[in-house]
1. Would you mind getting me the FRET efficiency between residue 210 and residue 288? Use the beta-carbon distance for r and R0 = 35 Å, nearest 0.05.
2. Compute the relative contact order of the stretch 239-319 as a whole-number percentage, counting only Cα pairs closer than 8 Å that sit 6 or more residues apart in sequence.
3. Could you tell me which of rounded, prolate or oblate describes the stretch 384-436, using a ≥ b ≥ c as the square roots of the eigenvalues of the alpha-carbon gyration tensor, with rounded for a/c under 1.5 and, failing that, prolate when a/b is larger than b/c and oblate otherwise?
4. Among residues other than residue 387 whose Cβ falls under 10 Å from its Cβ, what is the net charge (Lys/Arg +1, Asp/Glu -1)?
5. With a sphere of radius 15 Å drawn around the Cβ of residue 360, what net charge do the other residues whose Cβ falls strictly inside it have (Lys, Arg +1; Asp, Glu -1)?
6. Round to a whole angstrom and tell me the spacing of the C-alpha centers of the stretch 274-297 and the stretch 334-366.
7. Quick one: net charge of residue 237's neighbours, Cβ under 15 Å, K/R +1, D/E -1?
8. As an exercise, use a Förster radius of 25 Å and the Cβ-Cβ distance of residue 333 and residue 254 to find the FRET efficiency, rounded to the nearest 0.05.
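None of the figures in this text is laboratory data; all of them are computed from the coordinates on show. Please read all numbers here as calculations on a predicted model, not as lab measurements. Cβ placement follows ideal geometry from the backbone for every residue including glycine, while neighbour counts extend to all protein chains displayed.
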Amino acid sequence: MQATSNLLNLLLLSLLAGLDPSKTQISPKEGWQVYSSAQDPDGRCICTVVAPEQNLCSRDAKSRQLRQLLEKVQNMSQSIEVLNLRTQRDFQYVLKMETQMKGLKAKFRQIEDDRKTLMTKHFQELKEKMDGLLPLIPVLEQYKTDARLITQFKEEIRNLSAVLTGIQEEIGAYDYEELHQRVLSLETRLRDCMKKLTCGKLMKITGPVTVKTSGTRFGAWMTDPLASEKNNRVWYMDSYTNNKVVREYKSIADFVSGAESRTYNLPFKWAGTNHVVYNGSLYFNKYQSNIIIKYSFDMGRVLAQRSLEYAGFHNVYPYTWGGFSDIDLMADEIGLWAVYATNQNAGNIVISQLNQDTLEVMKSWSTGYPKRSAGESFMICGTLYVTNSHLTGAKVYYSYSTKTSTYEYTDIPFHNQYFHISMLDYNARDRALYAWNNGHQVLFNVTLFHIIKTEDDT
């Protein structure tokens, strides 16, 4: 999880301290949220935790905003001081001009009294005075401009002061460094709490958040769930057939801006959009076959390939949208999986757990759900979740637990914003669903029902 709210930390800490989490209200946009809580017969704490949206820490953001505003006010104060000095200087010119005007008025009166005898003499003096006043005209114009600027600055500072007051009331009278240290401390404690979370059951899907709009209607994009926290590479595979080019980006930000870091030309074309990157390697279905390929990005070569026995391929048992989506490769907290259908299982979904090195099938489960009736599917904690459509109105309709070898019908709706989903995969590190939604790359957040381990369970 890349972004964490302080409220989340406080909530999880209160859980560990034995407080009642149902009395604490937290927005899913600000952090994780407790959905419900109870105790099982063994006395273990059971609760539901809402995965947060990928946001920056709100306190850090507000602190940065506060510092930026304070710097702006200081800069404006310095500007006002300069303008004030200039205004005082200009005011002296105005006083001088006023004296000159009074003198001119007296001269005019004298000329009126003795126009004939003194006309020539006073006319010359008048001309000289007027020549002396000419440089004052631009000074007066600048004075007027400065006065207007000062008025504008005063109004803006008044508004900024109100904003600063509001922010200070909201985040308290802490300086930035103190807030930053508090966040780091809480984040460390949060990670300790997160280690106590075991796998959970899907309860709710929210979103989506549109990350980018690119490519054709069909495709796949993904990150590695086993990558380190500093490794946020994104891989992008456009189209469901007739392509061998994988594009790599160093981060989500580079992906959004289109700054490619590398491209890979695979030795084989892929089929469908149901690929997965796991522990540094790409797993994909070779075009027009039921062969699974493991390709290492670091080595730039195929490390393993194996036929998935009896698996249908080339639109024999695809998802409802077609697109050679017969074999779906996926990963979760437990490991690497393949979801497909066989004639032996009457076209119903088969789940196989794969060895990530050799691609051998370690164990398989046969379900009773028709593969052709499934819109998409994904694994979370060893449970397969199946949607009933790839179009508007789709929902998670069926789940199968490999732990208990049992199934149930569910009703978990989600918003198919762009009307056509051709890829939907769970990422255990991000605790989010990656989707390709009609040429849009989007993310869904999930709500999981968790059991928090106590010290007696470890």
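1. Details: r = 33 Å, r/R0 = 0.95.
My answer for the efficiency is 0.60.
2. Numbers: 133 pairs, mean separation 16.5, N = 81.
Relative contact order for the stretch 239-319 comes out at 20 percent.
3. Working: a/c = 2.57, a/b = 1.35, b/c = 1.91.
In terms of gyration-tensor shape, oblate.
4. On the way: positive: 395; negative: 376.
Net of charged neighbours comes to 0.
5. Values: positive: 294, 306, 363; negative: 309, 357.
After counting each charged neighbour, the total is +1.
6. 14
7. Numbers: positive: 212, 217, 233, 244, 247, 262, 269, 286; negative: 224, 238, 248, 260, 328, 425.
Net local charge, residue 237 excluded: +2.
8. Numbers: r = 27 Å, r/R0 = 1.09.
Calculated transfer efficiency: 0.35.
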